[in-house]
Every structure is written in structure tokens, then in C-alpha cells.
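> Structure incoming, see below.
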Amino acid sequence: MNHRISAQVFDRMVDHLNNGTTDQADSVLHVPVSNFALPEHLARELEVFRRQWLVGAMASELPEPGSFVTRDILGSAVLFVRQKSGKVATYLNMCRHRGGKVELEDRGRKPFFVCAYHGWSYDGDGALRGVPFEEQLGPVDRGCNNLHAVHCEERHGIVWINFADEAPATLTEFLGAADAVLADYGLENSVIHMDKKIHSNINWKLVMDGAIDVLHPQFLHPTGVGKLIQTNASVWQDLGRHGRSFSVYKKLAEKIKAGTVEPEDRRYVTGNMVLFPNVNLIPTPDHFEFWNVWPDLKDPGKCFIHIRFVVDAAKLDERIAGRINRSWEILEQAALEEDFPMEETIQANALARPVGDFLYGRSEAPCQHLHRQMARELAAAPS
Ligand code: FES
Ligand SMILES: [Fe+2]
């Protein structure tokens, strides 16, 4: 796994530390408070989600032909299956008889899937295989009763899915410049070392904001991450729909002051990859923190935060596992005890009084991006 910091980003960060500056957006952004509080707005956002390429599963969850994973994503029951060809296919986990789930287990390996209701069965490639008592029930048209396929592509160790009815933009078009960055990360051989699921009373966008907000560490985390990370020093690399938000360890500022900066000090700069709409991918020396923040389907005041720590399978040993576990403890303390409680207060305020707007200042370019991109997507929504 690899997450090189370019000389350009490093130099820009050094300049910021020298001058007390940070990257700035062209203007401040005002986001209506109602965007965090109204179910109608959430419903429009969910339509946007359904047109994007989304993270469905990690490729490592489907290690061999016949491996399957089931998951509910945006209210749809989805079945991922590794094919004999090695490719992954994705279907709605919905029987073509009368809609039961054809697979009830979370994961496993099977040659075919049998609906538990009346026993219709499907091959791993989604083809209808058997219909009990077909002579009396039928006829059942074999060609028209395969499992519904969902657009799906495996790339960068991730199984991406897209719920669009029509052919969506290709994954290559969707990722744009982020494609090369993800290729450099080399996540293909990674495995999930830790998998945490958190249900919270926060709008999904506030959680996304909090994960890349460089204006808050010294205030909200004075004894933790605020001591390590330089508040208000950030480099934002706009990648169109996506982007990278870089922050820096205070250690680099100390080294600049002492005049002892070396090339390997690039390691003090860290970059979050932000993939629209709901992924935050945070490289660390040993592993990647992989955040997926899913909106609730009805309640704008709730979301589901899925955090995975993924690590190169070949490098994972006891020492690295220990370091990753320690890193989860630090994250848990900052997020669960400090970030999420603060975001819950914002959410409660937004729900109590969904008028006016929230301010995203010029120095908050990374946080502005999600809201600007979502506004573009909403404006482009088919009527
Ligand atoms: S609903 Fe699946 S077999 Fe009837
Ligand atoms: Fe925080």
C-alpha cells in the first residue's frame, strides 16, 4: 500500500506553516440548515446517491468463486457473488416469485441460492435454476425470471455498485482523477482487519464534514488529536467530483522552526481521500481507515457510519495488528466521545429550528466541497 505525498503538496503545506496560511476557497459558502433537517431534502439526496457509484463491498470479502455477501444498501437488499470467472456480480436479493430474500445469511460460499419461502433456486450467475411444483404452478419463463442485476464493477479492492436503472456513467468517468490516486494506494491485496458499525443521531453530511474539518482539532480535541495535528493548516486538492484533504502534524512545524526539515518529513503530511458522496479514505502508515457514511432512508437526523480498517494482508503481523488496535482506540476516543457528541448538538439544533444557514468559511475548502458537489448533483437531477 502506498500513499505518497507529492512534492507540490508538501511544499504548499510547508509554505502554509511558514506563513500561518491555509488553502482557501474562492468564497464563503452558506448551506441552508434545512438541508440537514428536512425529509424532502433527504429524499432528493437519496436519488442522487442512487445515480452514483457506491462502495458495496470490499473485494476481499468475496475470496473465491461461490463466495457471497448480502447487505442492505439504501434500502435495497443486495447479494454479491464471486462468479466462476472470478468476476463479482451483484443482484437484488429478491426472489422473482414473490420477492423473498433468496439468501438470508450475511456471507458464505454456495453453488446456488434457494429462496426459503417456496424453494425457487438461482445459480451463482443469477439464472433461475429450479421451480418446485412447476407443472402445476407454471409455466414460468426461464429467460425472464433471473435475479435482477445491479451495475457492479470491482476495482482497487472495492466492489462498486450503481443503482441507476439506465446505464450509468462508467466507473472510470465517475472516479476521474481519483482513479489514479486509488491505483497508487494499492488496496487490491488488502483485507478488513476491523469492522465497526455505528448508528448515530446525526445527518450524514455532518459526519462527512467532521472527518475532514481541519479547523476544529485544537478546540474539540485539546488533549488528543489537537495536540498532534496543526489546526487551520490544510491543502485541498480538487479532483472534480472527489478530492483530497491534506493536514499536517505539528511535528513538521517544529522541524521547520528548527531548520531540520528532511525529504522523509513528507510523512508528517496526511491526506484524506474524499469520494463523493459518502466515502472518506484515510491512509495511515500501517493501514487505511475506510469510512462509509450512509444516510437514513427517512430521518435526516440519523445515519449509519461504517468504519473499516483495511490492511495489506502480506504485512499484517502481531506488531502491526497491535498498532492498528491502538489506532482504533484513539479514533474511538476522538470520534465517539468528542466529534459525534458535538455533531449531535448541531443536528438537534438544526431539527429544532431548520431556518437560516450554516457558514462554511473560505478556509474550509474541503468541507465546502461536499455541499457544492451535492448542490450540482441536485441541480442536474432528472425531473
Ligand atoms: S418468494 Fe421465493 S419462492 Fe416464493
Ligand atoms: Fe474531530
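The values are calculated or read from the model by the stated rules, or taken from the named source; none is laboratory data. Computed from a predicted model, the values in this text were never measured in an experiment. Glycine also receives a Cβ, built like all others from the backbone with ideal geometry; neighbour counts cover every protein chain displayed.
> Helices (runs of 4 or more DSSP H) wholly in segment 297-383 with at least 2 residues that are touching a His at 6+ places or on another chain (Cβ under 9 Å) and surrounded by fewer than 17 Cβ atoms within 10 Å (Cβ to Cβ) - which ones?
Those helices (runs of 4 or more DSSP H) span 318-334.
> Let me ask something else. Being farther than 17 Å from I5 by Cα and either within 16 Å of ligand 2 (Cβ to nearest atom) or buried (at least 16 other Cβ atoms within 10 Å of the Cβ) (or both) is the filter here, so list the residues in segment 254-273 that pass it.
Selection gives K255 alone.
> Where in segment 92-185 are the strands (runs of 3 or more DSSP E), entirely inside, with at least 1 residues that are among the small types (G, A, S)?
107-109, 121-123, 128-130, 149-155
> Can you tell me which residues in segment 197-231 are within 12 Å of ligand 2 (Cβ to nearest atom) and aromatic (F, W, Y)?
The answer is F219, and nothing else.
> Could you tell me which residue of segment 51-90 is surrounded by the most Cβ atoms within 10 Å (Cβ to Cβ), considering only residues that are in contact with a Gly (Cβ under 9 Å, 6 or more places away or on another chain) and within 25 Å of P382 (Cβ to Cβ)?
Residue satisfying both the conditions and the ranking: T90.
> Exactly one of these conditions fails for D141: (1) over 18 Å from the mean Cα position of the chain (by Cα); (2) buried (at least 20 other Cβ atoms within 10 Å of the Cβ); (3) not polar (S, T, N, Q). Give me its number.
Against the list (1) over 18 Å from the mean Cα position of the chain (by Cα); (2) buried (at least 20 other Cβ atoms within 10 Å of the Cβ); (3) not polar (S, T, N, Q), D141 comes up short only on (2).
> If we keep just the residues of segment 48-92 that are among the polar types (S, T, N, Q) and in contact (Cβ under 8 Å) with a residue 40 or more places away in the chain, which is farthest from K205 (Cα to Cα)?
Top of the filtered list is Q83.
Listed here are the residues, each with its yes/no results for (1) farther than 30 Å from D179 by Cα; (2) in contact with a Pro (Cβ under 9 Å, 6 or more places away or on another chain).
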{"position": "D106", "(1), (2)": "no, no"}
{"position": "S121", "(1), (2)": "yes, yes"}
{"position": "A127", "(1), (2)": "yes, no"}
{"position": "F133", "(1), (2)": "yes, no"}
{"position": "C144", "(1), (2)": "yes, no"}
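> Which of the numbered conditions does L215 fail, given that it passes all the others? Conditions: (1) closer than 30 Å to F68 by Cα; (2) in contact with a Ser or Thr (Cβ under 7 Å, 6 or more places away or on another chain).
Result: L215 fails condition (1) only.
> Restricting to segment 1-34, count the residues that are modelled with pLDDT under 95 and assigned to a loop (DSSP other than H, G, I, E, B).
Here the count works out to 6.
> Let me ask something else about it. Looking at D195, D209 in this structure, which one is assigned by TED's automatic domain parsing to the domain that holds M273, within 14 Å of the chain's Cα centre (by Cα) and not in a helix (DSSP H, G or I)?
D195
> All but one of (1) loosely packed, with under 15 Cβ neighbours inside 10 Å; (2) at pLDDT 95 or above hold for A167; which doesn't?
Evaluating A167 over (1) loosely packed, with under 15 Cβ neighbours inside 10 Å; (2) at pLDDT 95 or above leaves (2) as the failure.
> Consider C115 against the criteria (1) crowded, with 19+ Cβ neighbours inside 10 Å; (2) under 30 Å from V311 (Cα atoms): it satisfies all of them except one. Which criterion is unmet?
Tallying (1) crowded, with 19+ Cβ neighbours inside 10 Å; (2) under 30 Å from V311 (Cα atoms), C115 fails exactly one: (2).
Each row is one residue, and each column tells you yes or no for (1) under 19 Å from the mean Cα position of the chain (by Cα); (2) more than 25 Å from E154 (Cβ to Cβ); (3) assigned by TED's automatic domain parsing to the domain that holds M374; (4) of a type in the set (A, V, I, L, M).
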| position | (1), (2), (3), (4) |
| --- | --- |
| N35 | no, yes, yes, no |
| E40 | no, yes, yes, no |
| M58 | yes, no, no, yes |
| P65 | no, no, no, no |
| V69 | yes, no, no, yes |
| D72 | yes, no, no, no |
| G75 | yes, no, no, no |
| F80 | yes, no, no, no |
| K87 | no, no, no, no |
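> Would you please name the residue that is nearest to H306 (Cα to Cα), looking only at residues in segment 253-295 that are assigned to a helix (DSSP H, G or I) and of a type in the set (G, A, S)?
Applying the filter and picking the extreme gives A253.
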